[in-house]
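This report concerns only the one structure given below.
The values are calculated or read from the model by the stated rules, or taken from the named source; none is laboratory data. Predicted model only: the values in this text are computed from it and were never measured. Here Cβ is always computed from backbone atoms with ideal geometry, including for glycine, and neighbour counts include all displayed protein chains. Only protein heavy atoms, including side chains, enter the accessible area calculation; ligands, DNA and RNA are left aside. Shrake-Rupley method; radii C 1.70, N 1.55, O 1.52, S 1.80 Å.
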Amino acid sequence: MKILIQTILLLGLVITTSFGQLLQDHHQHYTEQDTLRGTITKERAWWDLLRYDLKVEVLPKEKSIKGSNTVVYKVIGGVEKMQIDLQEPMNITKILHDKNELTFERNGNVFLVSLTNQYKLNDIDSIEIFYEGTPKEAVKAPWDGGFTWAKDENGNDFIATSCQGLGASVWWPNKDHMYDEPDLGMDISIEVPANLMDVSNGRLVKVKKNRKKKTKTYHWQVVNPINNYGVNINIGNYVHFGEQYEGEKGALDMNYYVLEHNLEKAKKQFTQAKDMMEAFEHWFGPYPFYEDGFKLVEVPYLGMEHQSSVTYGNKYQNGYLGSDLSATGWGLKFDFIIIHEAGHEWFANNITDKDIADMWIHESFTAYSECLFVEYHYGKEAGLQYVRGTRSAIQNDRPIIGDYDVNSEGSGDMYYKGSNMINMIRRIQNDDEKWRALLRGMNKEFYHQTVDTKQIEDYMSEKVGVDLSKVFDQYLRSTSIPTLEYRIVKGGISYRYINAMEGFDMPIDVMINGKLKRLNGSTKWQMIEASDVKSFEIDPNYYVGLMEIKI
């Protein structure tokens, strides 16, 4: 008996991985510093972060900074030393508690502070940390983070920070772990040369002129919890314009800060910010930070999702630097940075991962938000074409979930493999109103919280009404893409999943002779009755291969 195998590849899905490659060991070699950075150590676990008061003087000529950070905290466990993170070559010069200096020791990027108080559970206290140095300079922001020291076309200093993954401790001392955010927000005071302006997170509450030093200090206030990497400094010869958006929670202040020579281009391009807000409030619920407002801020790099201070460097053009990541045409209908980075206000800033290994929670949902933006403004089929088109970027190189407790993110497939997985789950649910309710409910259920993958998996399984655990295992924790293998036999079609993890099961919609059918696929052979089968296709919105065995 001779067997002919026919393989159909769907929209960039290349089936090359054998089952034996499913659970490769992708673990890297990690250092003590990685563990100290990525673990909830006992020196972190005993205290809950309540508030920061960050004060920084930026010295462009020296490419250096100096300042202080007051850390307000609550005692929630047995007191150990306190871990404060600040990366080399930055240095802490002193730490004060009630005006008394505390002793501390340094281990690489970690400072262990010896506290002198005898605390009781729920006590609230604070320390003030003074620091200075020449922070790491970003080589290729935002992927390689740190400070960007640039000049605008008129020779003015144009400076910005970006530090996702690398960590905010690259430029200021803090509790640098994703799991804990300042519950009460923070104050940010940035001193800059008098001819420049700083734009940071939250609302501008005061500008102080320091005439003798020929500087100005910009005081910004954030009243919501904020993740560390979302805190930013942006310094330039900025001009401002703004508007109000009548949103689900009332009037939202939307402010825009751009270089003076780009003002007219920005006024035209940034009209998309309202289009974004309309679409995402529809899909995800109210913008999560009405109290802090929304900003777009021009920077000398591509952009980043800094909370309430989204940074922009897409050169005032649609697409991703003028390119359509989906190759469908729909990606040129919008400015990628405005839509994607602002989408992170819901997924990254509102719902934040507890460990960067779960960064797919940020990136998969936000990549999927691009599809939903297109759908809202151009129709459902346009959105589906867009998300399917992004499959060409998928590498299937390593799992989307990274290694826990070592500050390690997973594969870049967290963007478009993740968004295609989410789109597929929508197809499984097959109810657009319930799907919208799921997304809005997620932002309400986990409002201003840090979460882990299990919480998101459990929530989605419950709302969809299907146990999705094997789907998440397959697409987040392995590199192989399931293939639906089938053969036409007397009386119907037999089918099963191959190239999949043991026990993988997932409903899938197929067309048999042009008629829609739903199969409850698994790795075991099953059969569906059908007569005179002339065609068998799967719904292209499932990121699954199709293979026919002809006998």
task: Please enumerate the residues belonging to region 102-139 that are touching a residue at least 60 places away in the same chain (Cβ under 8 Å) and part of a loop (DSSP other than H, G, I, E, B).
output: Gly108, Asn109, Thr134, Pro135, Ala138
- prompt: Which one of the conditions (1) over 16 Å from Asn420 (Cβ atoms); (2) part of a helix (DSSP H, G or I) does Gly383 fail to meet, given that it meets all the rest?
  reply: (1)
message: Within region 189-200, take every residue that is outside any strand (DSSP E or B) and buried (at least 17 other Cβ atoms within 10 Å of the Cβ) and give me the one that is nearest to the chain's Cα centre (by Cα).
response: Ser200
message: List the residue pairs whose Cβ atoms are under 8 Å apart, where the first residue sits in region 363-382 and is farther than 15 Å from Arg426 by Cα, the second is open to solvent by 30 Å² or more (accessible area, probe 1.4 Å) and among the hydrophobic types (A, V, I, L, M, F, W, C), and the two are 6 or more positions apart or on different chains.
response: Val374/Trp330; Tyr378/Trp330; Ala382/Trp330
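Here is a yes/no grid of residues against (1) part of a strand (DSSP E or B); (2) in contact with a strand residue (DSSP E or B) (Cβ under 7 Å, 6 or more places away or on another chain); (3) within 29 Å of Tyr404 (Cβ to Cβ); (4) of a type in the set (Asp, Glu):
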| site | (1), (2), (3), (4) |
| --- | --- |
| Trp143 | no, no, yes, no |
| Asn154 | no, no, no, no |
| Asp176 | no, yes, yes, yes |
| Glu181 | no, yes, yes, yes |
| Asp187 | yes, yes, no, yes |
message: With the structure loaded, tell me whether Phe289 is among the aromatic types (Phe, Trp, Tyr) and touching a helix residue (DSSP H, G or I) at 6+ places or on another chain (Cβ under 9 Å) or whether it fails that test.
response: no
query: Across region 442-471, which residue is most open to solvent (accessible area, probe 1.4 Å) among those that are within 29 Å of Gly379 (Cβ to Cβ) and in contact (Cβ under 8 Å) with a residue 60 or more places away in the chain?
result: Lys444
- prompt: Which residue pairs have Cβ atoms closer than 6 Å, lie 6 or more positions apart in sequence or on different chains, and pair a first residue in region 201-222 that is in a strand (DSSP E or B) with a second residue that is small (Gly, Ala, Ser) and surrounded by fewer than 17 Cβ atoms within 10 Å (Cβ to Cβ)?
  reply: Thr215/Ala194; Lys216/Ala194
query: When only residues in region 64-111 that are within 12 Å of Tyr131 (Cα to Cα) and of a type in the set (Ser, Thr, Tyr) count, which is most open to solvent (accessible area, probe 1.4 Å)?
result: Thr93
query: Which of the following residues is touching a strand residue (DSSP E or B) at 6+ places or on another chain (Cβ under 8 Å) and buried (at least 17 other Cβ atoms within 10 Å of the Cβ): Tyr229, Tyr256?
result: Tyr256
query: In this structure, is Ile129 among the β-branched types (Val, Ile, Thr), touching a strand residue (DSSP E or B) at 6+ places or on another chain (Cβ under 8 Å), farther than 19 Å from Val299 by Cβ and open to solvent by less than 30 Å² (accessible area, probe 1.4 Å)?
result: yes
statement: Over region 400-421, the set of residues outside any helix (DSSP H, G or I) and either open to solvent by 20 Å² or more (accessible area, probe 1.4 Å) or among the aliphatic types (A, V, I, L, M) (or both) is Ile400, Ile401, Asp403, Tyr404, Asp405, Val406, Asn407, Glu409, Tyr415
Close pairs from region 485-510: first open to solvent by less than 10 Å² (accessible area, probe 1.4 Å), partner small (Gly, Ala, Ser), Cβ under 6 Å, at least 6 apart: Gly492/Ala530; Ile493/Ala530; Tyr497/Gly521; Met506/Gly521; Ile508/Gly521
